[in-house]
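J.: Below you will find the structure I want to go over with you.
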Amino acid sequence: MIETSDSIVVAAPAKVNLFLHVAGRRGDGYHLIESLFALIDWCDTITLSKRDDGDIVRVRDVAGVSEDDDLALRASRALRDATGCRDGVAIGIRKRIPLGAGLGGGSSDAASVLLALNRLWSLALPRRELAAIGAMLGADVPFFIGGEATFARGIGDMLTPVSMPTYWLALAVPPIRVSTRDVFAALQLTPVATSEKMNVFSEGYGRNDLEATATAQFAVIGDAVRTLRQASPHARMSGSGGCAFAMFSTEHEAREALRRLPQHIEGRVVRTLSRHPLRDFA
């Protein structure tokens, strides 16, 4: 983090879903899930500079994301609307987290913007109020504002922080962009019993119930998962895709797993984070 009186540079980390169970669907169409979210050390970098004219602008386009769909801009406007703040901000994002990868990059950007602007605009909102604003932008935003590994239930709105050891992940990143909406729309739902609580997580626990549906749309996801399973039988897809991962206790094991990937699939070694870089901001 770099901070001055009128600007701030912050990180926005990605996440993985260590498992994702779809437990049913509500009458309004929202799916009920169980998932364990873990932060990883692959981050976008966001620069925010205060403007006295009240305008909220982005100074660097994000490929494939219009201004209307830019969650960082929407987060800034939502925070200003909620507080009546008259300051503006210029936002520049250096994107590293790929879009449509099941890593929550857009939601993470929105959360980091809310946390950083709360500081830059001297608003002093408590974290729970920032999370409430974030929930209007996307289901994953409150998790990133919470800033630690979390067991999510309901429609992703019932969050319970959990402690877990550090893992090294071999991350396979196919060159695709997956629509979460399309994957859930195509899901053939087979409801499963929900867990009342989760006390201990082991790397072999659970599954990703969206994996088969996403793989049917993008065969390369299946290629990534099958390749990683040569090194770990518990490899699986993250979120709604298209990244896949395998967990290891050492960096060496994770790097060795990536050697098996075909050339058309990018590989990256990442580590889980115990705390969000902005955990102490609110």
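Every number in this text was worked out from the coordinates using simple rules, so none of it is lab data. All values derive from a computational prediction rather than experimental measurement. So basically every Cβ, Gly included, is an ideal-geometry build from the backbone, and we count neighbours across all protein chains shown.
J.: Within the range 86-102, name every residue whose backbone N is under 16 Å away from a label modeled 7 Å from Cα of GLN217 along the Cβ vector.
T.: Output list for this probe position: 99-102.
J.: Suppose every K and R has +1 on its Cβ and every D and E has -1 on its Cβ; what is the size of the dipole of the chain about the Cα centre, in Debye to the nearest 20?
T.: 440
J.: So what is the relative contact order of the chain, in percent, for Cα pairs below 8 Å that sit 6 or more residues apart?
T.: 24
J.: Where does helix 71-83 land angle-wise versus the long Cα axis of the chain, in degrees 0 to 90, nearest 10?
T.: 50
J.: On to the next question. Express the relative contact order of the range 104-177 as a whole percentage, based on alpha carbon pairs under 8 Å and six or more residues apart in sequence.
T.: Normalised by residue count, the contact order of the range 104-177 is 24 percent.
J.: Sticking with this structure for a sec: So what J values fall out for the range 2-19 if you push phi through Karplus, 6.51 cos²θ - 1.76 cosθ + 1.60 with θ = phi - 60°, rounded to Hz, Gly and Pro as x?
T.: 10, 9, 10, 5, 10, 7, 8, 10, 9, 9, 10, x, 7, 9, 10, 8, 5, 8
J.: Of all trypsin sites (Lys or Arg not before Pro) in the range 54-147, which ones are in loop regions per DSSP and have a Cβ with at most 10 other Cβ atoms within 10 Å?
T.: Filter output for the range 54-147: ARG86.
J.: I've got another one for you. Would you calculate, for the chain, the mean residue ellipticity at 222 nm contributed by helices, counting each DSSP H stretch of 4 or more residues as -39,500 (n - 2.57) and dividing by all residues, to the nearest 500?
T.: Computed mean residue ellipticity for the chain: -8000 deg cm²/dmol.
J.: Can you compute the charge dipole magnitude of the range 2-161 about its Cα centre, using +1 on each Lys and Arg Cβ and -1 on each Asp and Glu Cβ, nothing else charged? Give it in debye, rounded to the nearest 20.
T.: Using only the charged Cβ atoms, the result is roughly 240 debye.
J.: Relative contact order for the range 168-273: what is it in percent, counting Cα pairs under 8 Å that are at least 6 residues apart?
T.: It rounds to 47 percent for the range 168-273.
J.: Shape call for the range 168-273 from the C-alpha gyration tensor, a ≥ b ≥ c root eigenvalues: rounded (a/c under 1.5), prolate (a/b greater than b/c) or oblate?
T.: oblate
J.: Of all DSSP beta bridges in the range 168-273, what percent run antiparallel (nearest 5)?
T.: Counting DSSP beta bridges with both partners in the range 168-273, the antiparallel share is about 100 percent.
J.: Give the shape of the chain as rounded, prolate or oblate, defined through the alpha-carbon gyration tensor: a ≥ b ≥ c are the square roots of its eigenvalues, a/c under 1.5 means rounded, and otherwise the shape is prolate if a/b is larger than b/c and oblate if not.
T.: prolate
J.: Going by Cα centres, the range 136-166 and the range 206-273 are how many Å apart?
T.: Cα centroid to Cα centroid, the span is 22 Å.
J.: Using modelled amide H (1.01 Å from N, peptide plane; none on Pro or chain starts), what sits under 5 Å from the amide H of TYR167, excluding residues fewer than 5 places away?
T.: THR272
J.: Place +1 on the Cβ of every Lys and Arg and -1 on the Cβ of every Asp and Glu in the chain, take the dipole about the Cα centre, and give the residue among VAL89, ALA124, GLY242 whose Cα lies farthest towards its positive end.
T.: Result: GLY242, furthest along the dipole toward the positive end.
J.: If you take the charge dipole of the chain about its Cα centre, with +1 on Lys and Arg Cβ and -1 on Asp and Glu Cβ, which of HIS276, THR160, GLY206 is farthest toward its positive end?
T.: GLY206
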